[in-house]
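Input: a single structure, listed below in structure tokens.
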2 protein chains.
Amino acid sequence: MSIIHDKIRTYDFLTEDDRKYLISWTDPSRSPSQAVFAQWIREITRHGAELPEADRHGLAQLGWEIAVKMSDSGHKQKWMSEATRDSLLEMEQILGVEHDSSSALILNRFRTDDDNFQRDPSSQLDVKVLHDYLEGDGKVLRDQLRSLLSDPSFATEYRATKKEYRDWALDKCGELAQQGYGLLALPDYVGGQDNMTDYASVFELLAHYDGSLTIKFGVQFGLFALSILNLGTREQHEKYLNRAGTLALKGCFAMTETGHGSNVRGLETTATYDKSRDCFIVHTPRPQAGKEYIGNALHGEAAVVFAQLIVDGTSHGVHALYVDLVDSQGNDLPGIKREDCGYKMGLNGVDNGRLYFDHVSVARDQLLSRFGQVDNSGVYHSEIQSANKRFFIMLGTLVGGRICVASAGLAMAKNALHIATAYAHKRRQFGPADDEPETLLIDYPSHQMRLIPKIAEAYGIDFALKGLSERYMDDEEKSKKIESLAAGLKARATWFATSTIQECREACGGAGYIWENGITQLKADSDIFTTFEGDNTVLIQLVAKGLLSDFSKEFHDDGFRAVFRRLMKQASTSITEKNVVNVRKTDASHILDPVFHREALRFREKHLLHTVALRMRRYIKQRLSSTDAFLRCQNHMINLAHAYVDRVILKAYHKALETCPLEIQPTLRHCAEIYALDMISRHKDYYLEHGYMEGSKTKAIRRILRQRVQSLKGSSLSLVEAWGIPNSCLQSELV
Amino acid sequence: MSIIHDKIRTYDFLTEDDRKYLISWTDPSRSPSQAVFAQWIREITRHGAELPEADRHGLAQLGWEIAVKMSDSGHKQKWMSEATRDSLLEMEQILGVEHDSSSALILNRFRTDDDNFQRDPSSQLDVKVLHDYLEGDGKVLRDQLRSLLSDPSFATEYRATKKEYRDWALDKCGELAQQGYGLLALPDYVGGQDNMTDYASVFELLAHYDGSLTIKFGVQFGLFALSILNLGTREQHEKYLNRAGTLALKGCFAMTETGHGSNVRGLETTATYDKSRDCFIVHTPRPQAGKEYIGNALHGEAAVVFAQLIVDGTSHGVHALYVDLVDSQGNDLPGIKREDCGYKMGLNGVDNGRLYFDHVSVARDQLLSRFGQVDNSGVYHSEIQSANKRFFIMLGTLVGGRICVASAGLAMAKNALHIATAYAHKRRQFGPADDEPETLLIDYPSHQMRLIPKIAEAYGIDFALKGLSERYMDDEEKSKKIESLAAGLKARATWFATSTIQECREACGGAGYIWENGITQLKADSDIFTTFEGDNTVLIQLVAKGLLSDFSKEFHDDGFRAVFRRLMKQASTSITEKNVVNVRKTDASHILDPVFHREALRFREKHLLHTVALRMRRYIKQRLSSTDAFLRCQNHMINLAHAYVDRVILKAYHKALETCPLEIQPTLRHCAEIYALDMISRHKDYYLEHGYMEGSKTKAIRRILRQRVQSLKGSSLSLVEAWGIPNSCLQSELV
């Protein structure tokens, strides 16, 4: 590198500015931004097209020819000179990419880390094909970010105090912004890429690396910027979004209050329109109404504050306002009070805090006004008449956040599974006799049962989340159905993360408890995922309510008789499934039949739905209030929602099997079988209780599940390696 | 306090030494030791008995009269003087315990914190009676320690760096030692109290307070001192134990190695007898043989090192040696290398490290020689002929440790349950309508199901652990049966702790994630409990092996026919239980019948035992090696061990119901019902699969369990308060 710097300094065809630029680009943390790259690609495409197609040149030669073509006459002279061309060729040589290798580079494109994927000769699985399939279209961006995170400047260490951890997270957030990652999801008219999918990929990949940085990134570029995008007008976008996406403006998302977390409708902060001063007065009426656990609360210069909007004595429900927290000197504005939430179980690199507002004036045009605004005569308008509907649209930002948190949870669970599986393939303990080698952990059936079904489930959740993301991106309406699916998968993925990381910690024994082995931080950081962006227990009930309301809509639309006929028909289907032969079938071909899996999971879901609907109907007839009826069915509804999510994941698995490359199909089918039998096993009490299976069948399922798990042992390491988590992200001495 | 100090300084009947003593005693962290208190009690009992029984005096007057009686003539003069007596009366007044109140104090004895136990008027339960019953004989010591831990000098704060946390833990360990807590379990001939029960109580109570201090205390006064006690000779006790018990000598317990944790028999460190120099050479043959995760490794001045003892080329298996780590100046001795294990998920106040020995010489008399010694002609002797038996005796120290870790895990789970239950009784979220108060968390059925069965289970584990402790203390032989029970309950209690603390964290929502609310530290600190002092997965298999070997012993002793007859008899009992009426019984009186509970839990255990025994027999007949046969049955064996522990806990519950005060019986019976039905519910797939119950019955059990849980809601707060965890230990803003 120092040779290159020396050369740059001596080439006399470069100006002082050129030199500064070129040297700055060689610093990996300040490499050219996405925008600069994009410009190069445009120029290269345009001028490169004019070169003779038959010529096969190296990079330097090509660059030189393009430069000559695109330069205006003033610069052409400089570029035409042989000295310049020779300097470029010399540089090519220094970099070790002279003609042959550089043309190979161009013709074969970049190979990145793909060589990692040939490690396991014992497995029949082509790990690279599986990896590429999992990566999908995002591979280039993902490889780019993986390589940034593997840079020495991103090396991690234990940061004991919140001060140093928070400073680090803010700093790294800045570096990511400089690379253009903060603008990905924002519209092009503020300099963004309009690419939510890429944004979600970055969030997921960061989760493999550091939880605090992930959340810090998500608070700034997701919650803060995207709530302005979703709830603000075009003028508001142009005013704030570029600065938010480049971290020139640090912001927070102030929704949760001490007294109201899950029940957002009950928020107590008020934004009262003051006609005389033509502004809103944002106010915290009591300490319990303070904004709580707000990420970026201490670094933040502005906040999107959710408050009850009161105009002329009438409350219009929860609305969001853009509120400045600091003046131009960076000092807190009058009426703003912040408190540090202090240390937490994890995520100590995120500056969570409390915000209190004491009659803070906010200009009228800072109400984020896409769905509701106050005009200059002080009258409230909204295109959406129903306050209820308006409320759910305001909360829409959370849906994207839930998908992101779900993938982040899954990503962390994958880290833990990678570490524990790799460890199980090399750690030995106890053996048949003193003079024989001890047994590998992965050879113990109990250890296989701890890890392998979880690997299979991770794949299933991954497919379901990818399917959900695609539907979410395509769906302009952000329908109730997708909201409900996001709620269900968020709850499932994050509970899965909690239990998986716990299991992996224990599966690594004492080593799992040591920070340098990479699991402890995952546990501490991911634990809150089951709570934030919607508490899982609340979300899972939201799913059940969605299913029930679809069901009652059917009642409403088609009348009771029609639904009753359908119920009868489905019941008779169940009777077919429940016939004497079926409930006792124990042969492997039946037990492994995907149709059996699908039907078994569907039976549990439908049966729970029908029984809970009938119970609700009975209670309502008994004149119980709907709240009381709901409370009586609460546990029943929670079971229903889980059954629904189980089935959704299996469906996504089966869809993946239809679309994946043939080489990887057998292994993925094997995983899908394990997932399905695991789900059926976990709920076999239900199947037995309702006569869907007999004991002989559930015993056969247990036996066959164990066999399938055992026979996936050989591929288990490849399956975790296919996720392509770089060592710089695993940060574990055990791998 | 400063008035008292002034007075002490002015009383001219005190010598300078008297003054220093008295003033030092007023410092709560340096209050008189147990030994001094014990002496006072002896003197007061002896001389107090001579006072006229009819007189009713205050404390000062009584003290003065006793002092006069017990003084020799030289001091009597001083005590006789009116001035002395008046000074005492004056002091009594300053302290606010003049005549009436001080005699009230004496006559009613101390009330300590008992007033805390009247808070819940809604509950019929007499919380104080329950608390006293749970405390048992240890109440005085426990109250004393509770009050010490509530002292401002024991106030806790977040300690971010391991350095400051470790310094604090060492310091507090010193204060506990100064109070005599380190000597409790040691024999009287080294200044101890010979009271293992009290030692275990201290360990358990400390766990309510701070995990790091608990483990630091346990490593020093438990593992280190007690291994010298159990494995050393009387001379060795006299040489080391008083200093170990007073922390004058800091030590560690160096058993685990990087390469061998669970498989202690495979340790690789060697202690080779060198005849020419009449000493042992302790050596780490490769880095993986280094001692790993050793608590006190950095502060320690000595270690009990477990190594393969080699004498004259013959290995005698694992033995323990007392090895000095430092010279008299406190510098590491030659050949000693230490490494810091760095940060961990929790317990960062414990200095875990690695120890490596490079040909370290250890004097012959430092082999802990109770069960094996090398005589001065260099010949190895042991009273125990079987190397196998000797090995298990060497590991005996671990059994007491396992009981302690189990209670510590349970104690931490109780903290979490107290916090989450208290929070559920005041936190509201969502409500029937906007203008009505929101619903308390504890009123949600799902929330009741999260917390209340766990409270019931905590009581059951507590009773089982107390029963085990009593048997352990009484049992000089430390039989296999107790070892197996300790293994099972250690695994159960610590897994219970992990899952309960997790559930409580989530049940407190975001608040549970904040350090100042007291749950995060419990989670981080207790997580390793499932791994250390025996990995739970290994321990639970030990239990199963114990059950199986008892079973095969029966085969061996009584012959196959006899056992077969018994099997048949038991099978016919099951058939009675499994008769058509029984398997369908759904009336509450049957479902709540303790005989049904006992039989159901017994059925699962016996049935699993028989089936695994038959499988093993079949595999052995098929000429599988015993290792392979075992591997095939591994998951089956694990289930057997869990079934056994479930039943042991129920048995302890039922025993407690027979012995507890009548006032608390109804509530405890209610808890026992919940525990039993919860266990049956969790395994209803098993009962259904084996035809022990039909679906109608398991449904009835689910319904009745939910009703019983709901009706315990009113007492749930009292049940957690009865544990008597002081606020200084809960350290939570949520209570």
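Please go through the stretch A:419-437 and pick out each residue that is modelled with pLDDT of 95 or more and either among the aliphatic types (A, V, I, L, M) or over 20 Å from A:C504 (Cβ atoms) (or both).
Within the stretch A:419-437, A:I419, A:A420, A:A422, A:A424 qualify.
Looking at B:A641, B:A613, which one is within 14 Å of chain A (Cβ to nearest Cβ) and in contact (Cβ under 8 Å) with a residue 24 or more places away in the chain?
Working: B:A613 fails: within 14 Å of chain A (Cβ to nearest Cβ).
Matching residue, one of B:A641, B:A613: B:A641.
Quick one: in the stretch B:245-265, which of the residues that are surrounded by fewer than 19 Cβ atoms within 10 Å (Cβ to Cβ) and assigned to a helix (DSSP H, G or I) is nearest to the other protein chains (Cβ to nearest Cβ)?
Restricting to residues being surrounded by fewer than 19 Cβ atoms within 10 Å (Cβ to Cβ) and assigned to a helix (DSSP H, G or I), the top hit is B:R265.
Please tell me if B:P437 is surrounded by fewer than 19 Cβ atoms within 10 Å (Cβ to Cβ) and within 14 Å of chain A (Cβ to nearest Cβ).
Working: surrounded by fewer than 19 Cβ atoms within 10 Å (Cβ to Cβ): yes; within 14 Å of chain A (Cβ to nearest Cβ): yes.
Taking the combined requirement at face value, the residue satisfies it.
Here is a yes/no grid of residues against (1) within 17 Å of A:E689 (Cβ to Cβ); (2) surrounded by 15 or more Cβ atoms within 10 Å (Cβ to Cβ); (3) aliphatic (A, V, I, L, M); (4) at pLDDT 95 or above:
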| position | (1), (2), (3), (4) |
| --- | --- |
| A:S574 | yes, yes, no, no |
| A:K578 | yes, yes, no, no |
| A:A600 | yes, yes, yes, yes |
| A:K606 | yes, yes, no, no |
| A:Y619 | no, yes, no, no |
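Assess whether A:D324 counts as being among the acidic types (D, E) and over 18 Å from A:C252 (Cβ atoms). Before the answer, list the steps.
Numbers: among the acidic types (D, E): yes; over 18 Å from A:C252 (Cβ atoms): no.
Taking the combined requirement at face value, the residue does not satisfy it.
Given the criteria in contact (Cβ under 8 Å) with a residue 24 or more places away in the chain and either away from chain B (no Cβ under 14 Å) or touching a strand residue (DSSP E or B) at 6+ places or on another chain (Cβ under 7 Å) (or both), does A:Y322 qualify?
Working: in contact (Cβ under 8 Å) with a residue 24 or more places away in the chain: yes; either away from chain B (no Cβ under 14 Å) or touching a strand residue (DSSP E or B) at 6+ places or on another chain (Cβ under 7 Å) (or both): yes.
Yes; evaluated as a whole, the condition is true for this residue.
Mind counting the residues in the stretch A:162-192 that are in contact (Cβ under 8 Å) with a residue 12 or more places away in the chain and farther than 16 Å from A:F224 by Cβ?
Step one: filter the stretch A:162-192 for residues in contact (Cβ under 8 Å) with a residue 12 or more places away in the chain, giving A:162, A:165-166, A:168-170, A:172-187, A:189-192.
Still in the list and also farther than 16 Å from A:F224 by Cβ: A:162, A:165-166, A:168, A:172, A:175, A:178-180, A:189, A:191.
Matching residues across the stretch A:162-192 total 11.
Give me the pairs, please: first residue somewhere in the stretch B:649-662 and outside any helix (DSSP H, G or I), second residue anywhere and not charged (D, E, K, R), beta-carbon distance under 8 Å, and either six or more positions apart or on two chains.
Going by the 8 Å Cβ cut-off, the qualifying pairs are B:C660/B:Y133; B:C660/B:L668; B:P661/B:V129; B:P661/B:Y133.
Just checking, which of B:T272, B:T284 is modelled with pLDDT of 95 or more, buried (at least 21 other Cβ atoms within 10 Å of the Cβ) and among the β-branched types (V, I, T)?
Sole residue among the options that is modelled with pLDDT of 95 or more, buried (at least 21 other Cβ atoms within 10 Å of the Cβ) and among the β-branched types (V, I, T): B:T284.
Pick from the stretch B:514-523 the residues that are of a type in the set (A, V, I, L, M, F, W, C) and within 7 Å of chain A (Cβ to nearest Cβ): which of them is surrounded by the fewest Cβ atoms within 10 Å (Cβ to Cβ)? Explain how you work it out, then say what you get.
If we filter the stretch B:514-523 for residues that are of a type in the set (A, V, I, L, M, F, W, C), which is where we start, we get B:514-515, B:519, B:522.
The next check asks that each one be within 7 Å of chain A (Cβ to nearest Cβ); those that pass are B:514-515.
Details: B:I514: 23, B:W515: 18.
Among those that are of a type in the set (A, V, I, L, M, F, W, C) and within 7 Å of chain A (Cβ to nearest Cβ), it is B:W515.
Might you check whether a residue that is modelled with pLDDT of 95 or more, facing another protein chain (nearest Cβ under 9 Å) and crowded, with 22+ Cβ neighbours inside 10 Å occurs anywhere in the stretch B:647-667?
Checked the stretch B:647-667: no residue is modelled with pLDDT of 95 or more, facing another protein chain (nearest Cβ under 9 Å) and crowded, with 22+ Cβ neighbours inside 10 Å.
Working only within the stretch A:382-423, note down all residues that are touching a Lys or Arg at 6+ places or on another chain (Cβ under 9 Å), within 14 Å of another protein chain (Cβ to nearest Cβ) and under 30 Å from A:G714 (Cα atoms).
The answer is A:G409, A:A416, A:A420.
Can you give me the number of residues within the stretch A:448-466 that are surrounded by fewer than 22 Cβ atoms within 10 Å (Cβ to Cβ) and within 14 Å of another protein chain (Cβ to nearest Cβ)?
2
Kindly provide the set of residues from the stretch A:342-358 that are part of a strand (DSSP E or B) and hydrophobic (A, V, I, L, M, F, W, C), ordered by number. Steps first, answer last, please.
At the first step, the residues of the stretch A:342-358 found to be part of a strand (DSSP E or B) are A:344, A:353-357.
Residues satisfying the conditions are A:L355, A:F357.
Under 7 Å by Cβ, and 6 or more places apart or on different chains, what pairs join a residue from the stretch B:678-700 that is in contact (Cβ under 8 Å) with a residue 12 or more places away in the chain and at the interface with chain A (Cβ under 7 Å from one of its Cβ atoms) with one that is assigned to a loop (DSSP other than H, G, I, E, B) and charged (D, E, K, R)?
B:G691/B:K578
Can you list the helices (runs of 4 or more DSSP H) lying wholly within the stretch B:130-244 that have 3 or more residues being of a type in the set (G, A, S)? Even if it seems obvious, please write down each step before you answer.
Details: elements: B:139-149, B:162-178, B:196-209, B:211-217, B:225-231.
In the stretch B:130-244, the matching helices (runs of 4 or more DSSP H) lie at B:162-178, B:196-209.
Take the residues in the stretch B:493-508 that are within 15 Å of the chain's Cα centre (by Cα) and crowded, with 24+ Cβ neighbours inside 10 Å, then tell me which one is nearest to the other protein chains (Cβ to nearest Cβ). Lay out the reasoning, then the answer.
The initial filter retains those residues of the stretch B:493-508 that are within 15 Å of the chain's Cα centre (by Cα), namely B:493-497.
Checking which are crowded, with 24+ Cβ neighbours inside 10 Å leaves us with B:493-494, B:497.
Numbers: B:A493: 15, B:T494: 10, B:A497: 12 Å.
Among those residues, the one meeting the criterion is B:T494.
Of the conditions (1) crowded, with 20+ Cβ neighbours inside 10 Å; (2) aliphatic (A, V, I, L, M); (3) under 30 Å from A:I393 (Cα atoms), A:A511 fails just one. Which one is it?
Of (1) crowded, with 20+ Cβ neighbours inside 10 Å; (2) aliphatic (A, V, I, L, M); (3) under 30 Å from A:I393 (Cα atoms), only one is false for A:A511: (3).
Quick check: is even one residue across the stretch A:363-379 more than 12 Å from every other protein chain (Cβ to nearest Cβ), among the β-branched types (V, I, T) and assigned to a loop (DSSP other than H, G, I, E, B)? Steps first, answer last, please.
Let us first name the residues in the stretch A:363-379 that are more than 12 Å from every other protein chain (Cβ to nearest Cβ), namely A:363-379.
Retained after the next criterion (residues that are among the β-branched types (V, I, T)): A:374, A:379.
Next cut, assigned to a loop (DSSP other than H, G, I, E, B) only: A:379.
Yes, some residue in the stretch A:363-379 is more than 12 Å from every other protein chain (Cβ to nearest Cβ), among the β-branched types (V, I, T) and assigned to a loop (DSSP other than H, G, I, E, B).
In the stretch B:621-638, how many residues are more than 7 Å from chain A (Cβ to nearest Cβ) and without any contact (Cβ under 8 Å) to a residue 60 or more places away in the chain? Lay out the reasoning, then the answer.
At the first step, the residues of the stretch B:621-638 found to be more than 7 Å from chain A (Cβ to nearest Cβ) are B:621-624, B:626, B:628-630, B:632-633, B:636-637.
Filter again for without any contact (Cβ under 8 Å) to a residue 60 or more places away in the chain, leaving B:621-624, B:626, B:628-630, B:632-633, B:636.
Summing the residues that are more than 7 Å from chain A (Cβ to nearest Cβ) and without any contact (Cβ under 8 Å) to a residue 60 or more places away in the chain in the stretch B:621-638 gives 11.
Can you name the number of the only condition in (1) of a type outside the set (S, T, Y); (2) modelled with pLDDT under 95; (3) within 32 Å of the chain's Cα centre (by Cα) that B:G353 fails?
(2)
Out of (1) at pLDDT 90 or above; (2) in contact with a helix residue (DSSP H, G or I) (Cβ under 7 Å, 6 or more places away or on another chain), the odd one out for B:M394 is which?
Every condition holds for B:M394 apart from (1).
Is there a residue in the stretch A:469-488 that is within 14 Å of chain B (Cβ to nearest Cβ), of a type outside the set (A, V, I, L, M), free of Cβ contacts under 8 Å to residues at least 60 places away in the same chain and surrounded by fewer than 21 Cβ atoms within 10 Å (Cβ to Cβ)?
Quick first cut of the stretch A:469-488, residues within 14 Å of chain B (Cβ to nearest Cβ) only: none.
Within the stretch A:469-488, not a single residue is within 14 Å of chain B (Cβ to nearest Cβ), of a type outside the set (A, V, I, L, M), free of Cβ contacts under 8 Å to residues at least 60 places away in the same chain and surrounded by fewer than 21 Cβ atoms within 10 Å (Cβ to Cβ).
For the stretch A:530-552, indicate whether the set of residues that are polar (S, T, N, Q), without any contact (Cβ under 8 Å) to a residue 12 or more places away in the chain, in a helix (DSSP H, G or I) and under 30 Å from B:F430 (Cβ atoms) is non-empty.
Looking for residues that are polar (S, T, N, Q), without any contact (Cβ under 8 Å) to a residue 12 or more places away in the chain, in a helix (DSSP H, G or I) and under 30 Å from B:F430 (Cβ atoms), one finds at least one in the stretch A:530-552, hence yes.
Would you confirm whether or not the stretch B:704-716 contains a residue that is under 28 Å from the mean Cα position of the chain (by Cα), part of a helix (DSSP H, G or I), in contact (Cβ under 8 Å) with a residue 12 or more places away in the chain and away from chain A (no Cβ under 14 Å)?
Yes, the conditions are met somewhere in the stretch B:704-716.
Is there a residue in the stretch B:292-299 that is closer than 23 Å to B:L347 by Cα, surrounded by fewer than 24 Cβ atoms within 10 Å (Cβ to Cβ) and of a type in the set (A, V, I, L, M)?
Kept after step one, since they are closer than 23 Å to B:L347 by Cα, are these residues of the stretch B:292-299: B:292-299.
With the extra rule that they be surrounded by fewer than 24 Cβ atoms within 10 Å (Cβ to Cβ), the set shrinks to B:298-299.
So of that shortlist, the ones also of a type in the set (A, V, I, L, M) come out as B:298.
Yes.
Residues of the stretch A:529-544 being within 15 Å of the chain's Cα centre (by Cα) and at the interface with another protein chain (Cβ under 8 Å from one of its Cβ atoms), which ones? Quick ask: steps written out before the conclusion?
Filtering the stretch A:529-544 for residues within 15 Å of the chain's Cα centre (by Cα) gives A:529-530, A:532-534.
Within the stretch A:529-544, A:T530, A:F532 qualify.
The values are calculated or read from the model by the stated rules, or taken from the named source; none is laboratory data. Fair warning: this is a prediction, and the values are worked out from it, not measured in the lab. Methodologically, a virtual Cβ is constructed for each residue, glycine included, from the backbone with ideal geometry; neighbour enumeration extends over all protein chains shown.
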